[in-house]
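Engineer: Quick one: the structure is below, and I'll ask about it shortly.
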Amino acid sequence: MTNKFYSVKPILNKNLKQVYIETYGCQMNVSDSEVVLAVLQSNNYSLCKDINSASLIFINTCSIRENAEQRIWARLEYFRSLKKKKRELKVGILGCMAERLKEKLIDHGVVDIVAGPDSYRHLPKLIEGITKGEKQINTILSEEETYADISPIRMDKNGVSAYISIMRGCNNYCSYCVVPYVRGRERSRNPQSIIKEAKQLLENGYKEVTLLGQNVNSYSWNNSNQHITFAMLLEMVAQIAPSLRVRFSTSHPKDIDESVIKAIVKYPNICKHIHLPVQSGSNTVLKRMNRKYTIEEYLERVKLIKELIPECTLSTDIITGFSGESEQDHQETLSIMKEVGYYTAFMFQYSERPNTTAAKKYPDSVSEQDKNRRLNEIIELQHKLSKISNNEDLGKTFEVLIEGTSKRSKEELSGRTSQNKVCIFPAGEHKVGDYVNVKVTSCSLATLKGVAVN
Ligand code: 5AD
Ligand code: SF4
């Protein structure tokens, strides 16, 4: 999960009111913004590309680290300047920061609507409320809401890969994490609605779906006579069509089991990549983080994955400088990274979040300087590991799903291998959405380069 800004595709219609949507945070937020757009479109709003033509701006926010929130505050200041120029402009704040800060955001002055992650169905009502001149807040968390019946309006640019949200919320309460407080209890979505959404995407030309949840491995749905697990759901989606690639994110190391690994082995269209956040290489730190696994257990899972799926890549999330992390703990994180050989990682300095268990029980004791240095060491090591992993692919041929043209040259196409590595090659006759076999001839830190061989 990164704090990327995802731009959106406009649907222009001058008779409709124009909404501009900005999304920060994780893939879940991207998926949620697509639900928001579906709700708004059925209420006479259309998406606009130019922020200056919008009568309504929605910003879908993230609270995971303090700097994620700081970015949003800066954006709100920009919206304040837009409002000065255009008095009728309204601003709504959605997502995790809306849920966390509630009326504090209204007090700030710029925001007209505050809507938490479970209140998007009520947006039309909230919009109606502000037209009467009253600021609106809905941050009620639900134990049932999965937006199962809402067909998201895709905002991606490529028309090739799409996210499908399969569950919401989180019950894990990692001590550092704000998510359970801002996204509520874990709940799974009806599998039939998931299958229907995947089939619709396929009919609309999509070639890849990513099943999303905070902890997909604890997906659980009871039909009258059957209990559907994540492994079963994964197989059901994989069976829709061999040409539809299936990915999933995020897996919790304590919950990923053999049945999921076996499903990956069984279906060539389930991608050979697992994102398995380790967070720390030290058992004492993992315990304080309330991760509920030991490094030995984590490595057992990794061993099983490598045995059953030798071609599988692994990626991870790492937090450095968590409360009480010693130099020895840090060294243990570096050593687990080497042992697993991640092909990529999301690496963060610990950021204390208000009201989490860590904020209450464990002082933010590692100095900024140490956090910084340790993060740099982790990044430096990951660069080496990424390079090693990419070098191992030289001379090999991978099936690449083409997602677009390369950023550097229009003559080159860019796609991803099943292992989730970005691969660039000369376009030839190939086009976006095609599968093509590419032989890798060179690589950099983040990409493979090659030539099409079919
Ligand atoms: N500080 C730093 N990183 C965090 N993450 C979650 N909470 C925090 C925090 N308080 C990281 C974890 C998680 C990823 C999405 O963000 O690594 O897996
Ligand atoms: Fe996603 Fe977590 Fe950020 Fe919410 S706080 S947007 S769940 S990363």
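Engineer: Can you pull the Rg over Rh of segment 394-454, Cα-only, Kirkwood? Walk me through the numbers before you get to the answer.
Structural biologist: On the way: Rg = 9.8 Å, Rh = 10.9 Å.
Ratio of gyration radius to Kirkwood radius for segment 394-454: 0.90.
Engineer: A further question follows. Can you give the relative contact order of the chain as a percent, counting alpha carbon pairs under 8 Å and 6+ residues apart? Please report the intermediate quantities before stating the final value.
Structural biologist: Numbers: 927 pairs, mean separation 44.6, N = 454.
Relative contact order here is 10 percent.
Engineer: Okay, next question. So, with +1 on the Cβ of K and R and -1 on the Cβ of D and E, and no other charges, what is the size of the charge dipole of the chain about its Cα centre, to the nearest 20 debye?
Structural biologist: On the way: 63 positive and 53 negative charges, 248 e Å.
In total the dipole reaches around 1200 debye.
Engineer: Additional query: What spacing in nm lies between the two simple spin-label points modelled at Asp149 and Lys125, each 7 Å away from Cα in the Cβ direction?
Structural biologist: 1.5
Engineer: Now for a separate question. Please express the Cα-Cα pair-distance distribution P(r) of the chain as a list of whole percents, one per 10 Å bin, running from 0 to the bin with the greatest distance.
Structural biologist: Each 10 Å bin holds this share of Cα pairs: 4, 19, 29, 28, 16, 3, 0.
Engineer: May I pose another question? Given the -39500 (n - 2.57) contribution per DSSP H run of 4+ residues, what per-residue ellipticity at 222 nm results for the chain, rounded to the nearest 500 deg cm²/dmol?
Structural biologist: Values: 14 runs with 155 residues, N = 454.
The helix-only estimate for the chain comes to -10500 deg cm²/dmol at 222 nm.
Engineer: Moving on to the next point. Under the Karplus relation 6.51 cos²θ - 1.76 cosθ + 1.60, θ = phi - 60°, what is the ordered set of whole-Hz ³J(HN,Hα) values for segment 263-279, x standing for Gly and Pro?
Structural biologist: Karplus-based 3J(HN,Hα) across segment 263-279 equals 5, 5, 5, 5, 10, x, 7, 7, 5, 8, 8, 10, 8, 10, x, 9, 6 Hz.
Engineer: Give the distance, in whole Å, between the Cα centre of segment 302-337 and the Cα centre of segment 67-94.
Structural biologist: Here the two parts' Cα centres lie 39 Å apart.
Engineer: List the aspartates and glutamates whose Cα sits under 13 Å from the Cα of Lys254, skipping any in the same chain fewer than 8 residues away.
Structural biologist: Within reach: Glu296, Glu297, Glu300.
Engineer: I've got another one for you. Give me D for segment 161-391 in µm² s⁻¹, whole number, from Stokes-Einstein with Rh from the Kirkwood sum over alpha-carbon pairs, 20 °C and 1.002 mPa s.
Structural biologist: 115
Engineer: Tell me, which cysteines of the chain are without a disulfide-compatible partner by the Cβ under 4.7 Å rule?
Structural biologist: Within the chain, the cysteines lacking a partner Cβ under 4.7 Å are Cys26, Cys48, Cys62, Cys96, Cys170, Cys271, Cys312, Cys423, Cys443.
Engineer: Starting from the Cα-Cα distance between Ile240 and Asn437, subtract it from 0.36 nm times their residue separation and give me the gain in nm to one decimal.
Structural biologist: Numbers: separation 197, 0.36 × 197 = 70.92 nm, distance 2.26 nm.
Computed gain between Ile240 and Asn437 is 68.7 nm.
Engineer: Further question on the same structure: Do me a favour and compute the ellipsoid semi-axes for segment 2-138 from its Cα gyration tensor, root of five times each eigenvalue, largest one first, whole Å. Could you put the intermediate results ahead of the total?
Structural biologist: Numbers: eigenvalues 79, 58, 45 Å².
That gives 20, 17, 15 Å for the three semi-axes.
Engineer: Also, quick follow-up: Which FRET efficiency, nearest 0.05, do Glu66 and Glu297 yield, Cβ-Cβ r, R0 41 Å? Working shown, then result.
Structural biologist: Numbers: r = 31 Å, r/R0 = 0.75.
According to the calculation, E is roughly 0.85.
Engineer: How much length would be gained if the chain were fully extended between Leu16 and Asn190, taking 0.36 nm per residue of separation minus their Cα-Cα distance, in nm to one decimal?
Structural biologist: Working: separation 174, 0.36 × 174 = 62.64 nm, distance 3.28 nm.
My answer for the length gained is 59.4 nm.
Engineer: If you don't mind, there's one more thing I want to ask. Could you tell me how far the Cα centroid of segment 186-218 sits from the Cα centroid of segment 347-402, in Å?
Structural biologist: Here the two parts' Cα centres lie 28 Å apart.
Engineer: Within segment 238-274, which residues have the backbone N less than 17 Å from the label spot 7 Å out from Thr357 along Cα→beta-carbon, could you tell me?
Structural biologist: Hits in segment 238-274 for Thr357 at 17 Å: 252-255.
No lab work stands behind these numbers, since they all come straight from the coordinates. Treat the numbers as computed from the prediction; the structure is a model and nothing was measured. Heads up, the Cβs are rebuilt from the backbone with ideal geometry, glycines too, and the neighbour counts pull from every protein chain shown.
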